[in-house]
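What follows draws every value from the coordinates through simple rules; no lab data is involved. In this text, all values refer to a predicted model and were calculated from it rather than measured experimentally. Methodologically, a virtual Cβ is constructed for each residue, glycine included, from the backbone with ideal geometry; neighbour enumeration extends over all protein chains shown.
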Amino acid sequence: MLNFELYNPTRLLYGKGQIAEINKYIDKKSKVLIVYGGGSILKNGVHAQVIEALVGYDVIEFSGVEPNPKYETLVKAVEVIKREKVDFILGVGGGSVIDGVKFISAAVHYEGNSIDIVQKKLNVNWKAMPYGAILTLPATGSEMNCGAVVTIEATREKLSFSGEVLYPVFSVCDPMVIASLPQKQIANGITDAFIHVLEQYVTYPQNAPVQDRFAEGILQTLIEVAPKVLKDPTDYDAAMNYMWCCTMALNGLISKGVHEDWVTHAIGHELTALYGIDHGRTLAIIGPNLYRVMLETKKEKLSQLGRRVFNLNGSDDEVARETIDKMVEFFHSLGVQTKLSDYTDDGNRAVEWIVNRFEERGWVAMGEKKNITPAKVREIVKMSL
Ligand code: NZQ
């Protein structure tokens with residue numbers, strides 16, 4: 001295991017009714033900007049709960065943050081904050097809204113051109129505006145991490161950035177919000193969390209048995225709760241555990257002391273930028289094929305996963321291959337398709353487009369062993385068509 005530092009200042013307010021508690025953690029004199037998306041919170045009662053919790057505060061709103069939040073939209077919120085002298089931001093939504101708020105929080109006091117935060121993937125280490133999050137879609141883990149993904153529409157770039165100052169001050173995770181989620185979004189969320197764990201776990205043995213067993217526990221729990229949540233999103237116990245899996249999958253804990261991969265995400269972001277495919281679904285298209293192409297590097301962890309999570313037996317080689325098939329089976333059981341051709345007839349152009357983009361950015365040696373080269377990326381995307 002590598003040396004590591006663990007720092008995570010986010011206060012989690014987990015469970016039913018916790019939205020009412022947010023005023024304990026926002027200074028009473030604050031002017032608050034509520035940021036949200038396309039309006040689902042107006043229909044499912046979350047907005048009303050937030051307004052009730054903020055009685056007595058000076059509150060203004062900014063709506064319209066789209067899925068895969070756009071830089072071009074978010075800069076408008078930055079202008080509002082400066083003009084209206086806002087002190088605290090409250091993001092109410094899924095990963096897109098929370099990531100959007102992270103950008104806004106970083107951009108308010110940034111002195112250069114804020115597009116650089118995204119385009120140059122800056123490490124945000126200057127003063128950020130404090131913000132809280134009310135999560136409405138369990139998936140990304142954005143509620144307890146300091147990373148964000150923003151799309152620049154003008155250049156069709158979907159890029160991640162991060163910074164220690166970008167952790168939410170608090171995040172409310174009330175599983176009651178799941179009841180209004182379309183099935184498709186629940187399936188996306190489960191897939192996203194599942195692949196988050198795999199990006200940190202399916203590498204090579206790194207003498208990190210605690211991280212491994214946490215990771216396996218999250219995967220086992222996701223497999224267990226997925227059919228229950230999909231069948232009945234009002235099943236509170238299942239919803240609470242689904243939400244907790246998503247937070248735990250990407251709050252930084254299981255990645256401590258180990259080398260990680262993240263190439264499935266890098267390729268997946270390009271598929272969203274090119275075709276608008278939902279984030280979780282891009283991961284289900286790429287992940288299994290990345291594991292097939294990188295089988296020799298990842299065989300030991302894949303077979304450990306197969307034996308411990310899918311109860312498989314056989315040689316390492318057999319179990320590793322069967323494990324990948326089991327992953328695909330799991331995604332299909334959620335209604336998530338795993339071929340690019342299931343989403344677009346125009347998949348072929350992705351191959352060279354992605355390889356060229358990665359080469360232009362100097363992303364030519366990726367993954368936990370820096371052995372995912374442009375040739376490997378080409379093979380992975382071709383296998384995913
Ligand atoms: O915009 P509204 O009206 O809120 O509708 C949203 C949106 O249309 C809807 N929704 C959210 N909660 C709902 C609801 N509808 C009904 N009831 C509710 N309770 O769901 C749609 C999708 O929302 P979105 O926020 O886009 O989904 P998700 O949470 O999956 O976020 C995806 C974004 O997060 C990034 C992705 O790349 C993508 O841009 N990621 C962020 C990460 C991070 N910060 O650590 C890691 C992830 O891997 C991911 O890359």
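Let me spell out the model: positive unit charges on the Cβ of Lys and Arg, negative unit charges on the Cβ of Asp and Glu, origin at the Cα centre of the chain. What dipole size does that give, in debye rounded to 20?
In total the dipole reaches around 380 debye.
Most mobile of 217, 38, 362 per a Gaussian network model of the chain (Cα springs, under 10 Å)?
Highest fluctuation among the options: 362.
Quick check: from the Cα gyration tensor, does the stretch 93-182 come out rounded (a/c under 1.5), prolate or oblate?
oblate
Taking the Cα centre of the stretch 246-309 as origin, work out the dipole magnitude from +1 charges on Lys and Arg Cβ and -1 charges on Asp and Glu Cβ, in debye rounded to 20.
320 debye
Could I have the simple spin-label model distance between residue 11 and residue 228, label points 7 Å from Cα toward Cβ, reported in nm to one decimal?
In this crude spin-label approximation the distance works out to 3.0 nm.
Among all the aspartates and glutamates, which ones have a C-alpha under 13 Å from residue 299's C-alpha, if same-chain residues fewer than 8 places away are not counted?
Residue 299 reaches 316, 317, 318, 322.
What is the Cα centroid distance between the stretch 20-51 and the stretch 263-300, reported in whole angstrom?
35 Å
Multiplying the sequence separation of residue 315 and residue 153 by 0.36 nm and subtracting their Cα-Cα distance, what value in nm do you get?
In short, 53.6 nm is gained.
Which FRET efficiency value, to the nearest 0.05, is calculated for residue 236 and residue 344 with the Förster distance at 30 angstrom and r the Cβ-Cβ distance?
0.20
By what distance, in whole Å, do the Cα atoms of the stretch 1-105 stretch along each of the three principal axes, largest value first?
Here the spans come out as 47, 34, 28 Å, largest first.
If you take the charge dipole of the stretch 74-148 about its Cα centre, with +1 on Lys and Arg Cβ and -1 on Asp and Glu Cβ, which of 136, 115, 91 is farthest toward its positive end?
The residue sitting farthest along the positive end of the dipole is 115.
Convert 20 °C to kelvin, take the viscosity as 1.002 mPa s, use the Kirkwood radius over C-alpha pairs of the stretch 74-134 as Rh, and evaluate the Stokes-Einstein diffusion coefficient in µm²/s, rounded to a whole number.
183 µm²/s
Report Rg (one decimal) and Dmax (nearest whole number) for the stretch 11-176, counting Cα atoms only, units Å.
Considering the stretch 11-176 through its Cα atoms, Rg and Dmax are 14.5, 42 Å.
Which one of 33, 152, 333 is farthest out on the positive end of the charge dipole of the chain, using unit charges on Cβ (Lys, Arg +1; Asp, Glu -1) and the Cα centre as origin?
Farthest towards the positive pole: 33.
Say we join alpha carbon atoms closer than 10 Å with springs in a Gaussian network model of the chain; which of 11, 213, 83 then has the biggest fluctuation?
Among 11, 213, 83, the largest GNM mean-square fluctuation belongs to 83.
Once you treat every alpha carbon in the stretch 149-207 as an equal point and sum by Debye, what is log10 I(q)/I(0) at q = 0.16 Å⁻¹?
-0.96
Principal axis extents for the stretch 223-276, Cα atoms only, whole Å, descending order, please.
For the stretch 223-276, the Cα extents along the three principal axes come out at 35, 34, 15 Å.
In nanometres, what is the gap between the two model label sites at residue 76 and residue 55, each 7 Å from Cα along Cα-to-Cβ?
Output for this residue pair reads 3.2 nm.
Does the stretch 137-244 classify as rounded, prolate or oblate by the C-alpha gyration tensor (a ≥ b ≥ c root eigenvalues; a/c under 1.5 gives rounded; else a/b over b/c gives prolate, otherwise oblate)?
Oblate, since a/c reaches 1.5 and b/c is not below a/b.
Sort 346, 261, 235 so the one with the fewest other Cβ atoms within 10 Å of its own Cβ comes first.
By the 10 Å Cβ count, ascending: 346, 235, 261.
Any idea how far the Cα center of the stretch 311-373 sits from the one of the stretch 102-170, in Å?
27 Å
State, in angstrom, two size descriptors of the chain derived from its alpha carbons: Rg to one decimal place and Dmax to the nearest whole number.
For the chain, the Cα radius of gyration and maximum Cα-Cα distance read 20.3, 65 Å.
Quick one: 385, 198, fewest Cβ neighbours within 10 Å first, how do they rank?
Arranged by neighbour count, lowest to highest, 385, 198 become 385, 198.
What is the fewest-to-most order of 344, 297, 282 by other Cβ atoms lying within 10 Å of their Cβ?
Least crowded to most crowded, the residues run 344, 297, 282.
Between 220, 169, 42, whose Cα lies farthest towards the positive end of the dipole of the chain when Lys and Arg beta carbons carry +1 and Asp and Glu beta carbons carry -1, centred on the Cα centre?
Going by the charge dipole, the pick is 169.
List the GluC sites (Glu not before Pro) within the stretch 5-58 that DSSP assigns to loop and that have no more than 12 neighbouring Cβ atoms inside 10 Å. Working shown, then result.
Values: sites: 5, 21, 52; in loops: 5.
Listed in order of number, the matching sites are 5.
At 222 nm, what value in deg cm²/dmol follows for the chain if DSSP H runs of at least 4 each add -39500 (n - 2.57) and the sum is divided by all its residues, to the nearest 500?
Computed ellipticity for the chain at 222 nm equals -15500 deg cm²/dmol.
Using a Gaussian network model on the chain with a 10 Å cutoff between Cα atoms, which of 155, 191, 136 fluctuates the most?
The residue that fluctuates most here is 155.
Could you pull out the pairs from 16/70; 102/339; 102/376; 76/184; 31/76; 298/326 whose alpha carbons sit more than 26 Å apart here? Don't skip to the end; give the middle numbers.
Details: 16/70 31 Å; 102/339 32 Å; 102/376 33 Å; 76/184 30 Å; 31/76 18 Å; 298/326 16 Å.
Beyond 26 Å between Cα atoms: 16/70; 102/339; 102/376; 76/184.
Is the shape of the stretch 183-384 rounded, prolate or oblate, going by the alpha carbon gyration tensor and its root eigenvalues a ≥ b ≥ c, with a/c under 1.5 for rounded and a/b larger than b/c for prolate?
The shape class here is oblate.
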